[in-house]
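In what follows, a single structure is set out as structure tokens and then discussed.
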């Protein structure tokens, strides 16, 4: 579908900003594809949906275990992942050159593009380690790097909105708070996944970490004996933290949604709460249904969309003055 022509503008920077915003939406779409494929490869490697369950999942957690030959779907996903990631790198390099062009320079937007470009390079360096190590730090860096990249693209794509100064300050404050809390919750979720702790707490009442129940929080320590099996003791601590952090996350997102509603950003507020409710439901489904692959992939996608919505509200609450 063809995009509508650019509107005329008396602002000499207006046309360039509009072009950059459109490129940023394409950037966000490409990042969603890359992070989705990365999640598929990561969860497939961890043995989600394998048989016999959960013994095959536990076998995948062992450092000495030989990896199963990749399926045709994994081969295709890996090839598409590389192609889209390369396209994303080229797009961001072009956006950086466009934003930092000597005449009509867009310095504020250019700084965001440089951050995004730095994240892509970080992920490119991290990529080769992803397939060869079970250290949770690698999974954590890969997931947070990808989602921060998505948030940066959305932040660049969304222009500031008109609202009262008090509403703007309140919305911006809660955007920052909710973003930080959400990143912490996503990080805990990454450690649950990387530590093969998804089955550690089938029931919250029985989730009582012992002295060794916090081992999954050690970023450079591979999963231990029993990882991937129900009631895996070393994963109980991080699993419990991830569940409890849901309360703080919902509180922060609720305050952000309230601030957005008061600032007349009601569609964003409704979207934020709908995504949060669906994410909680998916989290419960993952535990009760014992980690179905489709639910895990949807959980990853919704985390990205939640962070993107928070980034969009942060952009809406930015000052209306020209960002030079």
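Any idea which residue in the range 191-218 is nearest to residue 53 (Cα to Cα), counting only those that are free of Cβ contacts under 8 Å to residues at least 24 places away in the same chain and surrounded by fewer than 16 Cβ atoms within 10 Å (Cβ to Cβ)?
Selected residue: 203.
What number of residues in the range 85-113 are out of contact with any helix residue (DSSP H, G or I) (no Cβ under 8 Å at 6 or more places or on another chain) and modelled with pLDDT of 90 or more?
Total satisfying the criteria: 4.
Go through the range 219-242 and report how many residues are out of contact with any helix residue (DSSP H, G or I) (no Cβ under 6 Å at 6 or more places or on another chain), surrounded by 16 or more Cβ atoms within 10 Å (Cβ to Cβ) and in contact (Cβ under 8 Å) with a residue 40 or more places away in the chain.
Qualifying residue count for the region: 2.
Can you tell me which of 318, 248 is in contact (Cβ under 8 Å) with a residue 24 or more places away in the chain and surrounded by fewer than 16 Cβ atoms within 10 Å (Cβ to Cβ)?
On inspection, the qualifying residue turns out to be 248.
Would you kindly identify the helices (runs of 4 or more DSSP H) lying entirely within the range 72-169 that contain at least 1 residues that are over 17 Å from the mean Cα position of the chain (by Cα) and more than 24 Å from residue 268 (Cβ to Cβ)?
Here the list reads 72-99, 107-130.
This table checks each residue for (1) at pLDDT below 95; (2) more than 26 Å from residue 207 (Cα to Cα).
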residue	(1), (2)
226	yes, no
249	no, no
254	no, yes
257	no, yes
280	no, no
295	no, no
300	no, no
306	no, yes
309	no, yes
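The values are calculated or read from the model by the stated rules, or taken from the named source; none is laboratory data. Owing to the predicted nature of the structure, the values given are computational and were not obtained by experimental measurement. Counting neighbours? That spans all protein chains shown, and the Cβs are built from the backbone with ideal geometry, glycine included.
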